[in-house]
Amino acid sequence: MYIDYLKNKMEHLETINRWLYNQWGYHDPDGSEKKWFNDRKEKLKNRKLLPIIFIAIEDETPVGTASIIKSDMKTHPELEPWLANVYVKEDKRGNGFGTELVKRVLKESKLNNFKKLYLFTPDKKKFYQKIGWKLYKHEEYRNEMVDIMQYSLQGADI
C-alpha cells in the first residue's frame with residue numbers, strides 16, 4: 001500500500017467521490033453526487049494550498065482517502081485546518097489503512113507549518129485517541145453528538 005496525492009491519481013476521483021457521497025451525502029440535502037464530484041474536481045485544480053486530498057492505493061486499486069481542508073464545521077470557523085473525509089473501503093478496514101492515512105495527513109500538515117489540526121467524529125474518538133489526538137470539545141452538530149478533536153503539531157514527532 002502507498003499513499004499519493006489524489007491530484008496525481010485523478011483517474012480515481014470518481015471512486016473517491018462516490019465513497020464520500022455515499023458515506024456523508026445525507027448531510028447535504030441540496031447536494032448530489034455529481035455536484036460533489038464537480039466541486040472536488042475544481043478544488044483539485046486550484047492553486048491554493050487547501051484542500052489536500054490523499055488516496056491510499058493497494059495493487060493499483062484505491063482503498064482509502066483522507067483530506068486536509070480549511071474548515072469542516074460551520075459552527076467553528078475559528079478552528080483551522082481540519083482532517084476530514086477519512087474513509088477506508090469496508091473490506092479493507094482494520095488493516096491499518098486509516099491509521100496510515102491519518103499519519104500522512106499529520107506529516108503533510110507539519111510540513112506546511114500548521115500548528116494544530118482539528119477533526120470531528122460522532123463515533124471514532126477512541127481510534128483517534130490511539131494515534132495521539134486529544135478531545136477538544138463534545139457538542140451537538142447536525143442533530144448528533146460529536147467529539148471535536150485536536151492534534152498539536154508543535155514538537156510532534158511524526
For G94, state whether it is under 25 Å from N17 (Cα atoms), free of Cβ contacts under 8 Å to residues at least 12 places away in the same chain and not polar (S, T, N, Q).
-> yes
May I ask you to list pairs of residues, at least six apart or on different chains, whose Cβ atoms are under 7 Å apart, with the first in the stretch 115-144 being over 18 Å from V105 (Cα atoms) and the second being in a loop (DSSP other than H, G, I, E, B) and not small (G, A, S)?
-> Y141/M73; Y141/T75; E144/P122
Quick one: count up the residues across the stretch 126-149 that are under 17 Å from the mean Cα position of the chain (by Cα) and surrounded by 16 or more Cβ atoms within 10 Å (Cβ to Cβ).
-> 6
Hey, L83 in contact (Cβ under 8 Å) with a residue 24 or more places away in the chain, part of a strand (DSSP E or B) and among the aliphatic types (A, V, I, L, M) or not = yes
Can T75 be described as in contact with a helix residue (DSSP H, G or I) (Cβ under 9 Å, 6 or more places away or on another chain) and either surrounded by fewer than 17 Cβ atoms within 10 Å (Cβ to Cβ) or farther than 27 Å from Y26 by Cα (or both)?
-> no
Would you mind telling me which numbered condition in (1) under 15 Å from W82 (Cβ atoms); (2) in a strand (DSSP E or B); (3) not β-branched (V, I, T) S109 fails?
-> (2)
Yes/no for D91 being under 28 Å from M1 (Cα atoms), acidic (D, E) and at pLDDT below 95 | no
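Yes or no, residue by residue, for (1) within 19 Å of Y5 (Cα to Cα); (2) modelled with pLDDT under 95; (3) touching a helix residue (DSSP H, G or I) at 6+ places or on another chain (Cβ under 6 Å); (4) not hydrophobic (A, V, I, L, M, F, W, C):
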| residue | (1), (2), (3), (4) |
| --- | --- |
| G96 | yes, no, no, yes |
| T99 | yes, no, no, yes |
| E108 | yes, no, no, yes |
| F114 | yes, no, no, no |
| L117 | yes, no, yes, no |
| Y128 | no, no, no, yes |
| G132 | no, no, no, yes |
| L135 | no, no, no, no |
| E140 | no, no, no, yes |
State the number of residues belonging to the stretch 25-40 that are in contact (Cβ under 8 Å) with a residue 24 or more places away in the chain, out of contact with any strand residue (DSSP E or B) (no Cβ under 8 Å at 6 or more places or on another chain) and either surrounded by 14 or more Cβ atoms within 10 Å (Cβ to Cβ) or among the β-branched types (V, I, T) (or both).
-> 1
Out of (1) touching a helix residue (DSSP H, G or I) at 6+ places or on another chain (Cβ under 7 Å); (2) farther than 30 Å from D59 by Cβ; (3) assigned to a loop (DSSP other than H, G, I, E, B), the odd one out for Y151 is which?
-> (3)
Between a first residue in the stretch 100-113 that is touching a residue at least 60 places away in the same chain (Cβ under 8 Å) and a second residue that is aromatic (F, W, Y) and buried (at least 18 other Cβ atoms within 10 Å of the Cβ), which pairs have beta carbons less than 7 Å apart while being 6 or more apart in sequence or on different chains?
-> L101/F54; R104/F54
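The values are calculated or read from the model by the stated rules, or taken from the named source; none is laboratory data. The structure displayed is predicted, hence computed values, not measured ones. Cβ coordinates were reconstructed from backbone atoms using ideal geometry, including for glycine residues, and neighbour counts include every protein chain displayed.
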